[in-house]
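Structure first, then comments.
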Amino acid sequence: MTDPVSFLARGRIAIAVIDNPPVNALSHGVRAGLVEALARTAADPALEALVILCRGRTFCAGADVREFGRPFKDPQLGEVVARTEASAKPVIAALHGTALGGGLELALACHFRLAAPSTRLGLPEVKLGIIPGAAGTQRLPRLVPVRAALTMIAEGKDVSATEALKLGLVDAVVEGDLEQAAFDFAEAVLTERRPLRRTGELTPVLDDPGAFDEFTKSLAKKQRGFLAPLEAVKAVRLAYELPFPEGIRRENAMCMELLNGAQSKAQRHAFAIERDIARVPGLPADTPVRAIGRCAVVGSGVMGRGIAVCFANAGIPVTILAHRAESGAAALAAIGKIYAGLVGRGSLAQAEADRRLALITSTLDYPDLKNADLVVEAVAEDLSAKQAVFAQLGAVARAGAILSSNTSFLDLNALGQASGRPADVAGMHFFNPAQTMRLLELVRTPASSPEVVATLMKLGKLLGKVAVTVGAGEGFVANRMLSRRSREALFMLEEGAEPSQIDRVLTDFGFPLGPLAVQDLGGLDVVLATRRARFAQLSPRERSADLLEQLTAAGRLGQKNGKGWYRYDAERRPSPDPEVAQLIARHAAARGIAQRTLADAEVLERCLYAMINEGARLIEAGLVARPHEIDVIWLHGFGFPAYRGGPMYYADQVGLPTVHERLLHYAAQVGPEYFTPAPLLARLAGEGRGFYEPG
Ligand code: 3H9
């Protein structure tokens, strides 16, 4: 018997136990072990049924993604599931944890399925840029209604055990000891002589033929640019159109084509680096962490409220320190509205909303923060105001409390000094709205203790965030790179591009919104405030590119008052505004900038390569240890299309020699201060390497 699968016999029931930590992926050894377990069960007349279950925290979470990208060794998963279904003796899957991808496909091929109550079942392959390849798209529609199949396969959404039972995806949800329950179930199947139910032999019932067009339309919008979701719809349709053997052959071919394509490679890269960044270079895995039982937030504005909600959602009591009684009350009322919205939309039960709300209190007095294990400062972006807060925190917080700031660009070293305990200070840069955005930039200063960093990384996971550790430097990583893209957008507007051209080029590339539409969404006054805060660092041309000043002076604040870079109708649909075009043309004429038609390629290259070049500088300066952090930040903070893997991965795909050559071109055209290639990029390009193969 191969190692990851052991084979036991209890009376007439055989049990195959998969033990392949951490998530019981269907690696080669597991596949071989399952084939052997099936063969032994078939060969032994004393054995009449086979139960398949897993040790550890979960049933199989899918094919082993580490095997992707090279030929799969036999037996392949398709063969394993075919042999499972073909077994003449009943095969029962006992599910717990997350039965995902190939794991669910294995379960679908079993004749019966049981699940522990907390099990989640799904086919999330589209998130890796592929579709199920071991008959999932052909078996699932034979068990559940077409809409449920499309939601699970084309949208990659999982279902709970209870939902699975309702859908007919599992035969029973069982409490208590799963192995015993599976054994009892197998006994009952034999005693009652229940016929084997082979999913592949069922005739799928097309209960809602309109679902295909509907899903195709909505996915083309919601998942614009992604290939796999639309392929998934096509594959599910085949289940109703083709005989089962032909359907699985076609599905597998579609899966393999996607697996070998650029999108899936990029999405698998995104999956891997999201896990890699949890291991912070230089921070040993056994670094002690501090217990976080109570939190506090200083500041009751939009960010402070959102951060408090993040803590309450994770079950952590939190106190908001407000400046005035009215602002504290307003914050609690606004938080009440956030929860009421979730209850109204059906995404949260009223009782749970009440429980979370009860975890949030407000105060006006610093001494009330003395029991907090973590305090996050979220007052206005003003260094002296923040220093005053940190001085107060240094005076009242208990020894060992972590003192954090939500600043998006200010000097954390100065805040550490103000607190008098710099080792306890690190940044927690949440993105707006804090309760929904998954990215959390954790900013460590040279003085931050490793314990503080390790604690905040762990807390980030508990809050459901993708926490990325970066160093303290102007704008950290996210805003530093964003500012380079915004600069180029402004320069290109001066040179003759229209806002709609810049936004279109970047949405065609795959961003959900273009840079100027994003500014309209956040508010041009807010963007201007950030520009003002950075004004001292701007070059003369950047300072004179004062389009934001001019727009806000003309009363254009963005979506909130119906006009910004665009004009908005009552449904907030944007359209180009001739007034803006005239304002930009006048501005260019006044500054002697000749306007011209810019090619889309130039718009794209200047926006992206300016960011990528800055990314290279961030690596060189040690603000991030590797390109991974940068890519994760862009994927989760700014909607960089996952099928392009993140800016640094994308640069590697374009080829650094090409990026380097274009940077030199723009350095000559726009100015060396903006586009001189970063030494790291120049070196890697010269050596024919990429950011991910630095040698
Ligand atoms: C598929 O099945 C294709 C088939 O249809 C057809 C093929 C022909 N393989 O996320 P975590 C590792 S496609 C190998 O931090 P959590 C992960 O890298 C697959 N390793 O934990 C990490 O390793 P490390 C369809 C895997 O508790 C560790 O497990 N399935 C795999 O937050 C812990 O992961 C999926 O897409 C894998 N498949 O979440 C499921 N999955 O510690 C993808 C995880 O060294 N996985 N690892 O960094 C998940 O969604 C989550 O990992 C899961 C656990 C929910 C399972």
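The values are calculated or read from the model by the stated rules, or taken from the named source; none is laboratory data. A quick note: this is a predicted structure, and the numbers were derived from the prediction, not measured. Backbone-built Cβ (ideal geometry, glycine too); neighbour counts: all protein chains shown. These accessible areas exclude ligands, DNA and RNA; they are computed on the full protein's heavy atoms, side chains included. Shrake-Rupley method; radii C 1.70, N 1.55, O 1.52, S 1.80 Å.
Report the charge-dipole magnitude of the chain in Debye, nearest 20, computed about the Cα centre from +1 at each Lys and Arg Cβ and -1 at each Asp and Glu Cβ.
Details: 78 positive and 76 negative charges, 99 e Å.
The dipole magnitude comes to about 480 debye.
Please report, as a whole percent, how much of the solvent-accessible surface of the stretch 600-686 comes from carbon and sulfur atoms (probe radius 1.4 Å).
On the way: 1470 of 2710 Å².
Carbon with sulfur: 54 percent of the solvent-accessible area.
Percent relative contact order of the stretch 277-434, based on C-alpha pairs within less than 8 angstrom and at least six residues apart?
Numbers: 269 pairs, mean separation 37.5, N = 158.
Dividing the mean separation by the residue count of the stretch 277-434 yields 24 percent.
Provide, for q = 0.24 Å⁻¹, the log10 of I(q)/I(0) from a solvent-free Debye sum over equal Cα point scatterers in the stretch 68-155.
-1.32
Can you pull the three principal axis extents for the Cα set of the stretch 600-686, in Å, largest first?
33, 31, 20
Using a Förster radius of 35 Å, what is the FRET efficiency between Asp368 and Arg534 based on their Cβ-Cβ separation? Nearest 0.05, please. Don't jump to the answer; show the numbers that get you there.
Working: r = 35 Å, r/R0 = 0.99.
About 0.50, to the nearest 0.05.
For the pairs Lys127/Lys217; Lys337/Lys370; Lys166/Lys234, flag any whose C-alpha to C-alpha distance is greater than 23 Å.
Details: Lys127/Lys217 19 Å; Lys337/Lys370 29 Å; Lys166/Lys234 25 Å.
Over 23 Å Cα-Cα: Lys337/Lys370; Lys166/Lys234.
With label points built 7 Å along Cα→Cβ from the Cα atoms of Ala9 and Glu257, find their separation and express it in nm.
With each label placed 7 Å out from Cα toward Cβ, I get 4.7 nm.
Specify the angular offset, from 0 to 90 degrees and rounded to the nearest 10, of the alpha carbon long axis of helix 77-86 from the longest principal axis of the alpha carbons in the chain.
Relative to the chain, helix 77-86 is tipped by roughly 30 degrees.
Calculate, in whole percent, how much of the Cα-Cα pair population of the stretch 1-148 lies beyond 28 Å. Before the final figure, lay out the partial values.
On the way: 1330 of 10878 pairs.
Value for the stretch 1-148 (Cα pairs over 28 Å): 12 percent.
What does the convex hull of the Cα atoms come to per residue for the stretch 25-109, in Å³?
On the way: hull volume 7.2 nm³, N = 85.
Dividing the Cα hull volume of the stretch 25-109 by its residues yields 85 Å³.
With the radius of gyration and the Kirkwood radius both derived from the Cα set of the stretch 536-695, what is their ratio Rg to Rh?
That ratio equals 1.03.
Rounded to two decimals, what is the ratio between the C-alpha radius of gyration of the stretch 229-319 and 2.2 N^0.38 Å?
On the way: Rg = 23.2 Å, N = 91, 2.2 N^0.38 = 12.2 Å.
Here the answer is 1.90, to two decimals.
What accessible area per residue, rounded to a whole number of Å², is obtained for the stretch 463-504 using a probe radius of 1.4 Å?
Working: 870 Å² over 42 residues.
That works out to 21 Å² per residue.
If the viscosity is 1.567 mPa s and the temperature 4 °C, what translational diffusion coefficient in µm²/s does Stokes-Einstein give for the stretch 295-474 when Rh comes from Kirkwood over Cα pairs? Don't skip to the end; give the middle numbers.
On the way: Rh = 16.1 Å.
For these conditions, the coefficient is 81 µm²/s.
FRET efficiency for Leu196 and Lys73, Cβ-Cβ distance as r, R0 = 30 Å, nearest 0.05?
Numbers: r = 29 Å, r/R0 = 0.97.
About 0.55, to the nearest 0.05.
Give or take rounding to whole Å, what are the principal axis extents of the alpha carbon atoms in the stretch 5-260, in descending order?
54, 39, 33
For helix 28-43, report the angle its Cα long axis makes with the longest principal axis of the Cα atoms of the chain; keep it between 0 and 90° and round to the nearest 10°.
Value to nearest ten degrees: 20.
Compute and list, largest first, the equivalent-ellipsoid semi-axes of the chain from the alpha carbon gyration tensor, each √(5λ) rounded to a whole angstrom. Walk me through the intermediate numbers first.
Details: eigenvalues 474, 197, 121 Å².
Semi-axes from the Cα gyration tensor: 49, 31, 25 Å.
Just to be sure I understand the curve: with the Debye formula and one point per C-alpha of the stretch 187-279, what is log10 I(q)/I(0) at q = 0.17, 0.18, 0.25 Å⁻¹?
Here log10 of I(q) over I(0) equals -0.90, -0.94, -1.25.
Take the alpha carbon atoms of the stretch 311-404, find their radius of gyration, then divide it by 2.2 N^0.38 Å using N residues; give the quotient. Don't skip to the end; give the middle numbers.
Details: Rg = 14.8 Å, N = 94, 2.2 N^0.38 = 12.4 Å.
Taking the Cα Rg and dividing by 2.2 N^0.38 Å, one obtains 1.20.
Need one number: the % of Cα-Cα pairs in the stretch 516-613 sitting beyond the 17 Å mark.
On the way: 2888 of 4753 pairs.
Counting every Cα pair in the stretch 516-613, those more than 17 Å apart make up 61 percent.
Please state the Cα pair-distance histogram of the stretch 249-290 with 10 angstrom bins from zero: what percent is in each bin?
Histogram of Cα-Cα distances, whole percents per bin: 24, 29, 22, 16, 9, 1.
What accessible area per residue, rounded to a whole number of Å², is obtained for the stretch 600-686 using a probe radius of 1.4 Å? Please list the in-between numbers first.
Working: 2710 Å² over 87 residues.
Roughly 31 Å² per residue, with all protein chains present.
Within the accessible area of the stretch 295-474, what % is carbon and sulfur when the probe is 1.4 Å and the other protein chains stay in place? Write out the running numbers ahead of the final one.
On the way: 3890 of 6820 Å².
Here it works out to 57 percent.
Figure the gain on full extension for Arg55 and Lys337 (residue separation times 0.36 nm, minus the Cα-Cα span) and round it to one decimal in nm.
Numbers: separation 282, 0.36 × 282 = 101.52 nm, distance 4.30 nm.
This chain segment gains 97.2 nm when fully extended.
Between Ala39 and Asp382, what is the label-point separation in nm under the 7 Å Cα-to-beta-carbon projection?
7.6 nm
Could you tell me what % of all Cα pairs in the stretch 174-232 have separations over 15 Å? Before the final figure, lay out each step's value.
Details: 1215 of 1711 pairs.
So the pairs more than 15 Å apart make up 71 percent of the total in the stretch 174-232.
In a solvent-free Debye calculation with one equal scatterer on each Cα, what is log10 I(q)/I(0) for the stretch 602-649 at q = 0.16, 0.23, 0.28 Å⁻¹, listed in the order of the q values?
Log10 I(q)/I(0), no solvent term: -0.41, -0.81, -1.08.
For the stretch 241-246, take each phi angle, set θ = phi - 60°, evaluate the Karplus expression 6.51 cos²θ - 1.76 cosθ + 1.60, and give the result in whole Hz per residue in order, putting x for glycine and proline.
Each residue's phi maps through the Karplus curve to give 9, 10, x, 3, x, 5 Hz.
When only C-alpha pairs under 8 Å and at least 6 residues apart count, what is the relative contact order of the chain, in percent?
Rounded, it is 8 percent for the chain.
Could you tell me what percent of the accessible area of the stretch 5-260 is made up of carbon and sulfur, with a 1.4 Å probe and every protein chain present? Numbers along the way, then the final one.
On the way: 5830 of 10550 Å².
Of all accessible area on the stretch 5-260, carbon and sulfur atoms account for 55 percent.
Just subtract the alpha-carbon distance of Leu357 and Ala585 from 0.36 nm times their residue separation and send over the number in nm, one decimal. Could the numbers behind the result be given before it?
Working: separation 228, 0.36 × 228 = 82.08 nm, distance 5.12 nm.
This chain segment gains 77.0 nm when fully extended.
Given R₀ = 25 Å, what would the calculated FRET efficiency be for Ala291 paired with Glu179, taking r from the Cβ atoms and rounding to 0.05? Intermediate values should be presented prior to the final figure.
On the way: r = 34 Å, r/R0 = 1.38.
Using R0 = 25 Å, I get an efficiency of 0.15.
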